[in-house]
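Here it is, the structure in full.
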Amino acid sequence: MDFELSGEQEQLRASIRRFLADRAPVRPYVRSLLGDQRGTTDEVWQGLARLGVTGLLVPAEHGGAGEDLVTMGVALEELGRAVHPGPVLASAVGAVRAVTAAGSPADRDRWLPGLASGEVVGALAAAEPGPRFRWRGPATTAVRDGHQWRLTGTKTWVLGGPAADVVFVLAATTAGLGLFAVERADLRAEPTPSVDLTRSFATITLDATPASRVGGDDDRDDTAAIGAVIDAVGLALAADGLGAAERALELAVEYATHRHQFGVPIGSFQAVQHLCADMLRQVEVGRAGVYYALWACDHAEPAERHRAATMAGAFSSDAFAWVAASAIQVFGGIGFTWDHDAHLYYKRLLTLQTLWGTAEEHLDELASIVIG
């Protein structure tokens, strides 16, 4: 892969950073929406749609830009830097990848134009109570009922679930795994409390809930397609986390430069210098792993894609949270207060572990890959 971003990708980065700074800064925009289940305003959501963010991964024939995951990673990194609370990741990555990976031409015609324009907000429901990688054997089941399917089970930590117009649910069938679209009118989505107030989560309860199968009504096993979706969403979370960790480091370095103790900047103290250097190392190593895995999702064989994604998860899930915790250490007492923004980044990165898994869980997955 080429580790240099293209001119178009750099322009996209600059456009999104400028838009978020002008229309959705941490203060007052993000703070005004802490705990809000929608996580956005019409003005900002439509602005992101006009920038093309909501349709980056949607093929051009369905109204999107037809870009790859590396380009989406650039956008998500900027959203993470701004701890943006909107449902971009849930809708523009989770829902879009579900439809493009497993959907039929009819599914793509039905869902992708609305997802690309932002008129439809989607979400992906894969997690259940228990280990992170349980998606291969979900307890949620799908049973055919004439020309319809009915789902029974519980899905947890559904990112963007409270405000989604459609949720794509992973469930087991008699033939294997499948993805099923459940529309808002049929959803029982309860907001899930979280330490991270910049994101909204839902617990979805399914009790013979009507759904349509993504990809057609025939009962088949979509495990391979679903695995690609899971890896893509996990890496999208890591790209968002990379941006949050990078910004936390920048804030810490800026503070260390201006905060004086004993008549000198605290950044002149060797202990602070070493801590900031270690934070930079974690961010840059994480960047290499995340962007390689994003590239592999679109260009490598499935086995290499999953290995790269799991390795990126094994490093970034813990490392990025450590960076944010270390930034708070640089800030000292003020970093623990509600008035400072440092805690927003730390809590955002803690949910990376919740949603995608800890380093130990990813290492266990890597071991299973090696052992076979």
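The values are calculated or read from the model by the stated rules, or taken from the named source; none is laboratory data. On a predicted model such as this, the values are computed, not experimentally measured, just so you know. Reconstructed Cβ throughout: ideal geometry from the backbone, glycine too, with neighbour counts over all protein chains shown. For the accessible areas, the whole protein counts, side chains as well, though only heavy atoms, and no ligand, DNA or RNA atoms are used. Shrake-Rupley method; radii C 1.70, N 1.55, O 1.52, S 1.80 Å.
I'd like the residue in the stretch 116-129 that is more than 17 Å from VAL233 (Cβ to Cβ) and of a type in the set (Gly, Ala, Ser) and, out of all such residues, is most open to solvent (accessible area, probe 1.4 Å). First the steps, then the outcome.
First, pick out the residues of the stretch 116-129 that are more than 17 Å from VAL233 (Cβ to Cβ): 116-120, 129.
With of a type in the set (Gly, Ala, Ser) added as a condition, the list becomes 116-118.
Working: ALA116: 10, SER117: 53, GLY118: 11 Å².
Among residues in the stretch 116-129 that are more than 17 Å from VAL233 (Cβ to Cβ) and of a type in the set (Gly, Ala, Ser), the one most open to solvent (accessible area, probe 1.4 Å) is SER117.
So, in the stretch 302-332, exactly how many residues are farther than 18 Å from SER368 by Cβ and either in a loop (DSSP other than H, G, I, E, B) or open to solvent by 30 Å² or more (accessible area, probe 1.4 Å) (or both)?
Of the residues in the stretch 302-332, the ones farther than 18 Å from SER368 by Cβ are 316, 318-332.
Applying the additional criterion that residues be either in a loop (DSSP other than H, G, I, E, B) or open to solvent by 30 Å² or more (accessible area, probe 1.4 Å) (or both) yields 318, 322, 325, 329.
So the count comes out to 4.
To continue, here is another question. With assigned to a helix (DSSP H, G or I) and more than 20 Å from LEU124 (Cβ to Cβ) as the only criterion, which of GLY241, GLY289, GLY234, GLY227 stands out?
Values: GLY241 fails: more than 20 Å from LEU124 (Cβ to Cβ); GLY234 fails: more than 20 Å from LEU124 (Cβ to Cβ); GLY227 fails: more than 20 Å from LEU124 (Cβ to Cβ).
Result of the check over GLY241, GLY289, GLY234, GLY227: GLY289.
Can you report the number of residues in the stretch 257-301 which are open to solvent by less than 60 Å² (accessible area, probe 1.4 Å), farther than 25 Å from ASP240 by Cβ and either in contact with a Phe, Trp or Tyr (Cβ under 9 Å, 6 or more places away or on another chain) or without any contact (Cβ under 8 Å) to a residue 40 or more places away in the chain (or both)?
Count: 4.
Would you check which residues across the stretch 349-363 are touching a residue at least 12 places away in the same chain (Cβ under 8 Å) and in a helix (DSSP H, G or I) and list them? Explain how you work it out, then say what you get.
Of the stretch 349-363, the ones touching a residue at least 12 places away in the same chain (Cβ under 8 Å) are 349-359, 361-363.
Across the stretch 349-363, the qualifying residues are LEU349, LEU350, THR351, LEU352, GLN353, THR354, LEU355, TRP356, ALA359, GLU361, HIS362, LEU363.
Of VAL143, VAL166, which residue is more than 29 Å from HIS362 (Cβ to Cβ), open to solvent by less than 10 Å² (accessible area, probe 1.4 Å) and of a type in the set (A, V, I, L, M)? So that I can check it myself, show each step before the final result.
Numbers: VAL143 fails: open to solvent by less than 10 Å² (accessible area, probe 1.4 Å).
Matching residue, one of VAL143, VAL166: VAL166.
When you check LEU344 against the structure, is it closer than 18 Å to ARG81 by Cα, part of a helix (DSSP H, G or I) and either open to solvent by 10 Å² or more (accessible area, probe 1.4 Å) or out of contact with any Cys (no Cβ under 8 Å at 6 or more places or on another chain) (or both), yes or no?
On the way: closer than 18 Å to ARG81 by Cα: yes; part of a helix (DSSP H, G or I): yes; either open to solvent by 10 Å² or more (accessible area, probe 1.4 Å) or out of contact with any Cys (no Cβ under 8 Å at 6 or more places or on another chain) (or both): yes.
Criteria met by LEU344.
Going by the structure shown, is SER317 at pLDDT below 95, within 15 Å of the chain's Cα centre (by Cα) and on the phi < 0 side of the Ramachandran plot? Full working, then the answer.
Values: at pLDDT below 95: yes; within 15 Å of the chain's Cα centre (by Cα): yes; on the phi < 0 side of the Ramachandran plot: yes.
When the stated conditions are applied, SER317 passes them.
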